[in-house]
Each structure stands twice: as structure tokens, then as C-alpha cells.
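Participant: I am attaching a structure below and will ask some questions about it afterwards.
Bear in mind that the values in this text are calculations on the coordinates, not laboratory data. Quick caveat, the model's predicted, so the values are computed rather than measured. Neighbour counts are summed over all protein chains in view; Cβ atoms, including those assigned to glycine, are modelled from backbone coordinates with ideal geometry.
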Number of protein chains: 2
Amino acid sequence: MKEIDEAGEALLGRVRIVLSHTTKPGNIGAAVRAMKTMGLRRLLLVRPAQFPHREATFMAAGAADMLDRVEVCDTLDEALHGAALAIALSARRRDLSPVLIDVREAAQAAVSEAAAGADVAFVFGTEISGLSNDEVLRCQRVARIGTSARFSSLNLAASVQVVAHETRYAALGNRARYDSRTPLATHEEKEHFFAALQASLERSAFIDRDKSGRVMERLRRLFGRAMLESQEVNVLRGMLNAWDEAMRKEP
Amino acid sequence: MKEIDEAGEALLGRVRIVLSHTTKPGNIGAAVRAMKTMGLRRLLLVRPAQFPHREATFMAAGAADMLDRVEVCDTLDEALHGAALAIALSARRRDLSPVLIDVREAAQAAVSEAAAGADVAFVFGTEISGLSNDEVLRCQRVARIGTSARFSSLNLAASVQVVAHETRYAALGNRARYDSRTPLATHEEKEHFFAALQASLERSAFIDRDKSGRVMERLRRLFGRAMLESQEVNVLRGMLNAWDEAMRKEP
């Protein structure tokens, strides 16, 4: 899986984040932290109100090293230099807008262009009013993050976090499974356990030998859902043995 | 689509967020804001270090109203009261862990249980060390947000934002399409335009009448990809007319 990981990380290297006219330097720091957690490495700022700034450094926390590599630009055109696909993040409805897609489609489009060797940009506007129409029309797509109709005020760094997460997910997919997990019990281990369980339950008179079917079905369903591990079957068989021993000793 | 929206919002009402032993009150405020943007309404705190606190109110911004409804609990059991599915957020590897799933699977599981009428909880641990083993084992699933191997230090509120976004997306899906869009051009409108375009290009001698095929194929490809709108076809035909008029006037 190492090769897939490396290929995914390489794709993320072609995806840049552009923040236009950011007002609060703390948001730049939080954005850089959000990017770094997701493996995005290139941040460009178009005329930030204040940068560098101690608030940016403070909010970046363990990602403060990335602040040294931030590129500060005079215009959006400069920040988009070399990018083949620019995706504007915008919550506003506009009369004349590029194709409106949702953030997951946007992340998939970004990764698929990056996989074809192109550079891709996600463009975020200023905190209060977002991107201007002129800025949006320099992009080929407008992406929207779905929010509550009652409260859509997503913080700038939170938007960057969602976009970075969706982009990483699109590039690298579901990695949770790769974790080494304790081995599952084999078919035979499970069947030996069920046989021992049934015998023990009959011995205890919890089930009648001739009416054991329904109870055993329920127990098979429960343990089937649980996806028993090999070690767990050992523990369960040990428990059954202990009960069996104890029952034998009873007068 | 209003019915689907309302059904989705109702599902989100059954999903609670639990923050255990939160150290920084600012994170509680930022978490509440993240929740509100995504339509999550119920926050429970297990023994927060400081709450209520002005930092929480400040970071909540337009979501500060939700702070009045936050439930403060003494134990995780209390916070999970009534919940049928509890999903622990954890980045750490553990020897004995509930089933490990990724954040998208977790959101889908949460929404599917909510759709069946159950209450669901996402449980987040303290900022530095996360959830204890004892807390994790009170949950039925452990969810992980995929992060860079080099820097996995996701801020608490940023994690809540990702989980809330994934949950909203699982409940409500892709809403970008629902926006009213200018009507697309019909087949006839497009074919009239292509005919006029070809005639004009032949008149201008840009293409030969007998070799027009390849150029027209390229132009059809370009305009096909662009998904022409009705109004745009009108503008384009107007442009062609103007060129045609100007050509006629040439000596």
C-alpha cells in the first residue's frame, strides 16, 4: 500500500490553495494547519491584510514551518500561474457563474486533473464577502460546501479544512482498513466454538436438545455480526470450559 | 426538494456530538459553530476544564445561541444516555479497539441508524491525548479521519467540522445541483447555431466548404463540453450576425 500512498501524496503536491484578500492573519495560520494535516503543501496569498503576523504563527501551531514557504501575490492571475483548473469556493448565488458543483465533485475533479499531470487551485475569498465576480470568472468551476440554510457562516479555515479533507479522501480513499488488525477466526474455529456453546447450553438446560435451533440461530447472528477474532474465540472457549467444569462439580 | 431537505435535517437532529474533557473553551465555541453550519444541534460536554467561558462565546460567533443549550455531564455514560450507536473519534492505534472505520463510513452508519429512528453520538476526546481506552470501549465503532503521516495534528474543532460535514453530506447528499440554473439550449438552438457558425466561417474563408469537417468537429466538442445555455446561444448568434454584416460591408 506504500506505493498507493506515495502516488496519492504526489497528487496532493499539484493542488494549491489560494486565499484572496484574507483579513485575519489567524485564519492564514489555521488554514496552513488544516492543509498540512491533509498533506497539501502549497499556499498562495493574494494581498493579505497582514502577513507575516504573530497570530498566523500562533494558529499554525505545528504547521508554522509552512508559513515560510507561503507565496504572497499581487493579483489572482499571479496566484493562478501555471494552474490548469481553478475552482472557486463560493456560497453566494450569482447570475453568471461557472459550473456550480459540490465540494466532493470538486475534490474528485481536482484529483483527476492532478492525476493527468495538471496543476489545480482551490480559490477562497475574503472572510466576510467571499470572492468577487471578477475573481470567480477567472475560475472554471464554482464549488459549494453544503451548509445549513439557517446558518451558513463557515469559518475560512474550516472551509479550507473541508476542502483539504475531501481532496485527500479523493486522492487516497479510505485508508482505515490498512491498519493491522488482530486476525479473524477461521471457519473451523468458529464452528468448534458454536458446537461447544450449544453443548454447554444444553448441559445447563438453558436450551432443550430438540429445540436448540432458534436460540443457536440468534447466537450465530450475534457472533456473525461481531466478526469474531481468533483470540476472542479462544477466550470464549475458555469461558465455556470453566462453566462446564463448574457444572460438573455441582452435586 | 424541500421534503428531502426537511427529512435530512430531521436525521441530523438525532446525531449528537460529545466532547470529553475539553481543555480549551475556545474549541467548544469553534465546535458549536462547526456544528451549526452543518445543521447539528446537540452538544454534550463531559467535564470540560472551563465552561461557560468568554473564549467559547467569542469563537462560537453567530452560533453563540447554541451554547445556552449545551448539556454538561459528569461522565461519558451520562452523555451517551439514550444513544444506540456511539462512534469514537480516534487517531491512535490501540490493541483492543472497536471496529475501526473511516470517517465517511462512520457518517453513513450514523445517518443510517438515525434513519431507523436511533440516536447516534460522535465522541471526541481531550485535545492532546484524545479518548481513553475506557471511553473508546464504551463505543461500538472507532472512526478515523485520514491525515498526513507527517502531521496528523488535527485541531479539535476542525475534526468536529469534518465529521459534521461528512454527516450532513451523508444525510442530504449533493445539493449543488438544486440551484436554479439558466436553462440549457435545446438541440435545435444548438444546431441552428452550428449551421450559422459553419456558414460564417466558410464566408470568412477560415474554412473551405469541402474541408470544414475537422474544424467543426473540434468546435462541436468545445461547445458540447461547455453545455451551452439558451441565452448564450443567442449571444453567440448575435456575434455571428455582426461579423457577417461587417464582412458584407467590406469592399
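Participant: For the range A:123-239, what number results from the quotient of the Cα radius of gyration and 2.2 N^0.38 Å? Working shown, then result.
Facilitator: On the way: Rg = 27.4 Å, N = 117, 2.2 N^0.38 = 13.4 Å.
Dividing the Cα radius of gyration by 2.2 N^0.38 Å gives 2.04.
Participant: Give, rounded to the nearest 20 debye, the magnitude of the charge dipole that chain B has about its Cα centre when Lys and Arg contribute +1 at Cβ and Asp and Glu contribute -1 at Cβ. All intermediate terms of the calculation are to be shown ahead of the outcome.
Facilitator: On the way: 35 positive and 33 negative charges, 135 e Å.
The dipole magnitude comes to about 640 debye.
Participant: Treating only the Cα positions of the range A:187-249 as identical point scatterers, give the base-10 log of I(q)/I(0) from the Debye formula at each q in 0.17, 0.24 Å⁻¹.
Facilitator: Normalising to I(0) and taking log10 leaves -0.58, -1.08.
Participant: Stokes-Einstein at 4 °C, 1.567 mPa s, Kirkwood radius from Cα pairs: D for the range A:14-55 in µm² s⁻¹? Write out the running numbers ahead of the final one.
Facilitator: On the way: Rh = 10.5 Å.
The diffusion coefficient I find is 124 µm²/s.
Participant: I'd like the FRET efficiency for B:SER152 and B:ASN234, computed as 1/(1 + (r/R0)^6) with the beta carbon distance as r and R0 of 41 Å, rounded to 0.05.
Facilitator: Numbers: r = 53 Å, r/R0 = 1.30.
It comes to 0.15.
Participant: Another one. If you fit an axis through the alpha-carbon atoms of helix A:103-115 and take the longest principal axis of the Cα set of chain A, what angle between them do you get, 0 to 90°, nearest 10?
Facilitator: Between helix and principal axis, roughly 80 degrees.
Participant: Please report, for A:GLU188, the nm distances (one decimal) from its label point, 7 Å out from Cα along the beta-carbon direction, to the equivalent points in the remaining copies, shortest first.
Facilitator: The projected label point of A:GLU188 is separated from its counterparts by 7.5 nm.
Participant: Pull up all non-local amide H partners of A:ALA143: gap of 5 or more, or a different chain, and H-to-H distance under 5 Å with H placed in the peptide plane.
Facilitator: A:ALA88, A:LEU89, A:SER90, A:ILE101
Participant: Also, I was wondering about something else. What is the mean number of Cβ atoms from other protein chains located within 10 Å of the Cβ atom of each residue in peptide A:120-131, rounded to a whole number?
Facilitator: Mean shielding by partner chains, rounded to a whole number: 0.
Participant: Specify the residue with the greatest mean-square fluctuation among B:SER204, B:SER132, B:SER97, computed from a Gaussian network of chain B linking alpha-carbon atoms under 10 Å apart.
Facilitator: B:SER204
Participant: Through the Karplus equation 6.51 cos²θ - 1.76 cosθ + 1.60, θ set to phi - 60°, convert the phi angles of the range A:13-24 into ³J(HN,Hα) values in whole Hz; use x for Gly and Pro.
Facilitator: Once rounded to whole Hz, the list reads x, 9, 9, 9, 10, 10, 10, 9, 6, 5, 7, 9.
Participant: Treating the beta-carbon of each Lys and Arg as +1 and of each Asp and Glu as -1, no other charges, what is the dipole magnitude of the protein assembly as shown about its Cα centre, to the nearest 20 debye? Don't skip to the end; give the middle numbers.
Facilitator: On the way: 70 positive and 66 negative charges, 14 e Å.
I would put it at about 60 debye.
Participant: Something else: How far is B:GLN140 from the same spot in each other copy, in nm, shortest first, if each label point sits 7 Å from Cα toward Cβ?
Facilitator: The projected label point of B:GLN140 is separated from its counterparts by 4.5 nm.
Participant: Only Lys, Arg, Asp and Glu count, each charged at its Cβ (+1, +1, -1, -1), so figure out the dipole size of the range A:187-249 about its Cα centre, rounded to 20 debye.
Facilitator: So the dipole magnitude of the range A:187-249 works out to roughly 280 debye.
Participant: Continuing with this model, one more query. Note the per residue figure in Å³ for the convex hull of the C-alpha positions in the range B:14-171. Write down the numbers at each step before the final one.
Facilitator: Values: hull volume 15.9 nm³, N = 158.
Convex hull of Cα atoms, per residue: 101 Å³.
Participant: Give me the three principal axis extents of the protein assembly as shown from the C-alpha atoms, as integers in angstrom, largest value leading.
Facilitator: 122, 56, 45
Participant: Taking the 0 to 90 degree range and rounding to the nearest ten, how far is the long axis of helix B:2-12 tilted relative to the main principal axis of chain B, both from C-alpha atoms?
Facilitator: Taking Cα atoms only, the helix is inclined about 30 degrees.
Participant: Same structure, new question: Chain A: which residue's Cβ hugs the A-to-B rotation axis most tightly, distance rounded to whole Å?
Facilitator: Residue plus distance in Å, as requested: A:GLN161, 3.
Participant: Could you tell me which of B:LEU222, B:LEU11, B:GLY117 has its Cα farthest along the dipole of chain B towards the positive end, charges placed at Cβ (Lys, Arg +1; Asp, Glu -1), taken about the Cα centre?
Facilitator: Result: B:LEU222.
Participant: I want to check a number: in the protein assembly as shown, how many lysine pairs have alpha carbons closer than 29 Å, given a sequence separation of 8 or more or different chains?
Facilitator: 14
Participant: Using a 10 Å cut-off around each Cβ of peptide B:100-106, what is the average number of partner chain Cβ atoms that fall inside? Present the calculation step by step, with values, prior to reporting the outcome.
Facilitator: Numbers: counts 5, 3, 6, 4, 7, 3, 1.
Mean partner-chain Cβ count within 10 Å for B:100-106: 4.
Participant: Tell me what chain B gives for mean residue ellipticity at 222 nm when only DSSP H runs of n ≥ 4 count, each as -39,500 (n - 2.57), the sum divided by the residue total, rounded to 500 deg cm²/dmol.
Facilitator: Values: 10 runs with 120 residues, N = 251.
Computed mean residue ellipticity for chain B: -15000 deg cm²/dmol.
Participant: Let me ask another. Restricting the count to DSSP beta bridges whose residues both fall in the protein assembly as shown, what percent are antiparallel, rounded to a multiple of 5?
Facilitator: Numbers: 4 of 54 bridges.
Antiparallel bridges make up about 5 percent of those DSSP assigns within the protein assembly as shown.
Participant: Distance in nm between label sites at A:ALA242 and A:ARG54, each 7 Å beyond Cα in the beta-carbon direction?
Facilitator: Here the modelled spin labels are 6.0 nm apart.
Participant: Name the residue farthest towards the positive end of the dipole of the range A:130-251 from the options A:GLY173, A:ALA143, A:SER132, assuming +1 on Cβ of Lys and Arg, -1 on Cβ of Asp and Glu, about the Cα centre.
Facilitator: Among A:GLY173, A:ALA143, A:SER132, the one farthest towards the positive end of the dipole of the range A:130-251 is A:SER132.
Participant: Would you mind telling me which residue in A:ASP95, A:ASP134, A:ASP74 has the biggest mean-square fluctuation in a Gaussian network model of chain A, where springs connect alpha carbons within a distance under 10 angstrom?
Facilitator: A:ASP95
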